[in-house]
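First up is the structure itself, then whatever we jot down about it.
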Amino acid sequence: MIALLVRDMRLAMRAGGGFGLGLAFFLIVTVLVPFGVGPESGLLAKIAPGILWLGALLACLLSLDRIFALDWEDGSLDLLATSPLPMEGVVSVKALAHWLTTGLPLCLAAPLFGLLLSLPEAGYLWLVLSLVIGTPALSVIGTFGAALTVGLKRGGLLLSLLVLPLYVPTLIFGAEVARRGAEGLDTMTPLLMLGGITCGTIALLPFASALVLRVNLR
């Protein structure tokens, strides 16, 4: 599993779907928002949690189609399916590799991008905490969507249409945690809901993704 994780991280960075692509897209979204809504710091501070979470979500979406596509093209997915490692383990490692190369860099860069949107000082900790808890769910859900569309022509567009509605609960509660933290309000309820979504997806979706992959490989 460790060897597969290292391999997937190397492939993600070589294919352009690693650290740089997601961070560059996140930065572009953050920079363009003040041009669209105006430079007023009060307005930017109010919408900053939602914009930052939306930017992180869209940045995670960029590299989802590469999770299984490279393995499908070179036949590695067939070998993984017949290896001693269970398919559920393969899916879990793929999701972890995606989070390490996309989600984790976004979590670390979020405070810096928060400065560009005048995020209140009290919101930085809650923004990072919500992203650390919520982005694993984005990777696991995205892995499930990638398993559904593997091998399909123009699967990237279909993948986006399938995954985006499933991302909505994570976006709502993640942005709510950051917003309440920035305003000094109680964050316990949305934080628990966000953690529950992440734990639920990690517990259930690897099995669903493995089942879908077995069907696609027949």
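The values are calculated or read from the model by the stated rules, or taken from the named source; none is laboratory data. Please read these numbers as outputs of a predicted model, since none were measured by experiment. We place every Cβ from the backbone using ideal geometry, glycine too, and count neighbours over all the protein chains shown. Side chains included, ligands, DNA and RNA excluded: accessible areas come from the protein's heavy atoms. Shrake-Rupley method; radii C 1.70, N 1.55, O 1.52, S 1.80 Å.
See the values below:
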read-out: Scope region 63-122; condition among the β-branched types (Val, Ile, Thr) and over 21 Å from Leu159 (Cβ atoms); matching residues; value: Thr82
read-out: Residues located in region 66-109, provided they are among the small types (Gly, Ala, Ser) and touching a His at 6+ places or on another chain (Cβ under 7 Å); value: none
read-out: Selection from region 200-211 of residues that are crowded, with 20+ Cβ neighbours inside 10 Å and not small (Gly, Ala, Ser); value: Thr201, Leu205, Pro206
read-out: Considering residues of region 121-135 that are open to solvent by 30 Å² or more (accessible area, probe 1.4 Å) and within 15 Å of Val177 (Cβ to Cβ) only, the residue modelled with the lowest pLDDT; value: Ala122
read-out: Some residue of region 140-163 being on the phi > 0 side of the Ramachandran plot and either surrounded by fewer than 23 Cβ atoms within 10 Å (Cβ to Cβ) or not in a helix (DSSP H, G or I) (or both); value: yes
read-out: Selected residue (only one of Leu62, Leu96 is within 25 Å of Leu161 (Cα to Cα), under 16 Å from the mean Cα position of the chain (by Cα), open to solvent by 50 Å² or more (accessible area, probe 1.4 Å) and without any contact (Cβ under 8 Å) to a residue 60 or more places away in the chain); value: Leu62
read-out: Subset of region 108-127 (residues that are without any contact (Cβ under 8 Å) to a residue 40 or more places away in the chain and in a helix (DSSP H, G or I)); value: Leu108, Pro111, Leu112, Leu115, Tyr124
read-out: Residue pairs meeting the criteria (Cβ under 8 Å; at least 6 apart or on separate chains; first on the phi < 0 side of the Ramachandran plot, in region 65-90; second open to solvent by 80 Å² or more (accessible area, probe 1.4 Å) and among the charged types (D, E, K, R)); value: Ala81/Arg214; Met87/Arg214
read-out: Single match in Gly22, Gly55 (criterion: at pLDDT below 85, part of a helix (DSSP H, G or I) and crowded, with 21+ Cβ neighbours inside 10 Å); value: Gly22
read-out: Region 150-188 - residue that is under 17 Å from Ala137 (Cβ atoms) and of a type in the set (Val, Ile, Thr) and, of those, farthest from the chain's Cα centre (by Cα); value: Val177
read-out: So Glu183, is it surrounded by fewer than 18 Cβ atoms within 10 Å (Cβ to Cβ), free of Cβ contacts under 8 Å to residues at least 40 places away in the same chain and not hydrophobic (A, V, I, L, M, F, W, C); value: no
read-out: Among (1) open to solvent by 10 Å² or more (accessible area, probe 1.4 Å); (2) without any contact (Cβ under 8 Å) to a residue 40 or more places away in the chain; (3) charged (D, E, K, R), the one test that Asp8 misses; value: (2)
read-out: Ile197 hydrophobic (A, V, I, L, M, F, W, C), open to solvent by less than 30 Å² (accessible area, probe 1.4 Å) and within 22 Å of Leu61 (Cβ to Cβ); value: no
read-out: Region 99-120 - residue that is of a type in the set (Gly, Ala, Ser) and buried (at least 18 other Cβ atoms within 10 Å of the Cβ) and, of those, nearest to Val168 (Cα to Cα); value: Gly103
